[in-house]
Amino acid sequence: MPELPELEVIKEVLQRRVVDCTIEGVQAIGGGSAIIVRSLTQQRLEEAVSRAQIEAIGRRGKFLIFDLQPAVQDSRLYLVLNPKLAGRLQLAQPKEKRLPKTHLIFSLSSGEQLRYVDQRTMGQLYLAAHLADVPEYAGLGPEPFDVSLEEFRERLKPYRGEIKGVLTRSEFIAGIGNAYADEILWAARLHPYRKRTSLTPEEIDRLYEAMQSVLREAIDKVRLEMGDAIHLEPRDFMAVHMKSGQACPRCSTPISLVGANQRVTNFCRTCQPGGLIKGM
Ligand SMILES: [Zn+2]
């Protein structure tokens, strides 16, 4: 699942490669596109974005935002992508073979294509006149890099549950999902199932520092490993997430695993002691 670091780098690549391009056409492939595309205006996607110019690309939390200047109307239009578990964008040449589960192809005036690939068909691409119309967008908490330590402490107060669950709530802070929550908690040496109410002020400060450093370092690593291949999700550099059984980089204890599939939690039982579940 793309989270803040991946989406930040995808944004940078798209700013370089597709801003100022005109969308010459949209091809919807199979039934998947009907599930993925949600128009929050009266228009159909194909008509609304044809001949529109991509003026800017932004990111907010786990949303990627295309700021469009339509060909015919004066008002702005936004394409807002929430890739969820498996949504990926890909830059490709028209003759390049399609990846399986390619649902949408935007042909650009640069001669390239911007494709949307989604193995799970769970992502959403909204067409909106106002960003506030996009589900879950208006309720987003602040960006991690915009939150001061003071504000972080204050924002944590209303939450009482397990700290991993708090970190991944987009209304608390936007952009952190399952993978980077594991990484941040490992860096902060906090057990993912510690209750927020059990954290000391020193531990909360450590968590804040870890959030900043883990995300910043991840952006640099993703930028280096992904390059312009934005459909990839390089995560080999991670310390604990999806590293079940491998040696903890800090203490060599085998990394523990709880949960399954997309809700896996990985942590080091030596570096991150505590938690309330028996046997951990
Ligand atoms: Zn360890």
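The values are calculated or read from the model by the stated rules, or taken from the named source; none is laboratory data. Quantities reported herein were computed from a predicted structural model and do not represent experimental measurements. In this analysis, Cβ positions are derived from the backbone assuming ideal geometry, glycine residues included, and neighbour counts consider all displayed protein chains.
Conditions (1) modelled with pLDDT of 95 or more; (2) over 16 Å from the mean Cα position of the chain (by Cα); (3) more than 21 Å from GLU3 (Cα to Cα), marked per residue:
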site: LEU85; (1), (2), (3): no, no, no
site: LYS97; (1), (2), (3): yes, yes, yes
site: GLU112; (1), (2), (3): yes, yes, yes
site: TYR116; (1), (2), (3): yes, no, no
site: LEU125; (1), (2), (3): yes, no, no
site: VAL147; (1), (2), (3): yes, yes, no
site: ALA174; (1), (2), (3): yes, no, no
Any pair with Cβ under 6 angstrom, 6 or more apart, that starts in the range 164-190 at a residue that is at negative phi and ends at one that is surrounded by fewer than 22 Cβ atoms within 10 Å (Cβ to Cβ) and among the aromatic types (Phe, Trp, Tyr): VAL166/TYR159; VAL166/PHE172
Test set (1) more than 14 Å from the ligand (Cβ to nearest atom); (2) modelled with pLDDT of 95 or more; (3) under 27 Å from GLY139 (Cα atoms); (4) not hydrophobic (A, V, I, L, M, F, W, C) - ASP182 fails condition number: (1)
Selection count where residues are without any contact (Cβ under 8 Å) to a residue 24 or more places away in the chain and in contact with a helix residue (DSSP H, G or I) (Cβ under 7 Å, 6 or more places away or on another chain), scope the range 44-84: 1
Any chance ARG250 is within 16 Å of the ligand (Cβ to nearest atom) and in a loop (DSSP other than H, G, I, E, B): yes
Members of the range 220-241 found to be aliphatic (A, V, I, L, M), away from the ligand (no atom under 16 Å from the Cβ) and either within 20 Å of LEU167 (Cβ to Cβ) or surrounded by 13 or more Cβ atoms within 10 Å (Cβ to Cβ) (or both), listed by number: VAL222, MET226, ILE230, LEU232
Residue ID - nearest to the ligand (Cβ to nearest atom), chosen from residues in the range 259-280 that are modelled with pLDDT of 95 or more and of a type in the set (Val, Ile, Thr): THR270
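A quick yes/no check of all residues on (1) among the hydroxyl-bearing types (Ser, Thr, Tyr); (2) more than 16 Å from ARG38 (Cβ to Cβ):
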position: ALA71; (1), (2): no, yes
position: SER75; (1), (2): yes, yes
position: PRO83; (1), (2): no, no
position: LEU91; (1), (2): no, yes
position: LYS97; (1), (2): no, yes
position: SER110; (1), (2): yes, yes
position: LEU114; (1), (2): no, yes
position: LEU125; (1), (2): no, no
position: PRO142; (1), (2): no, yes
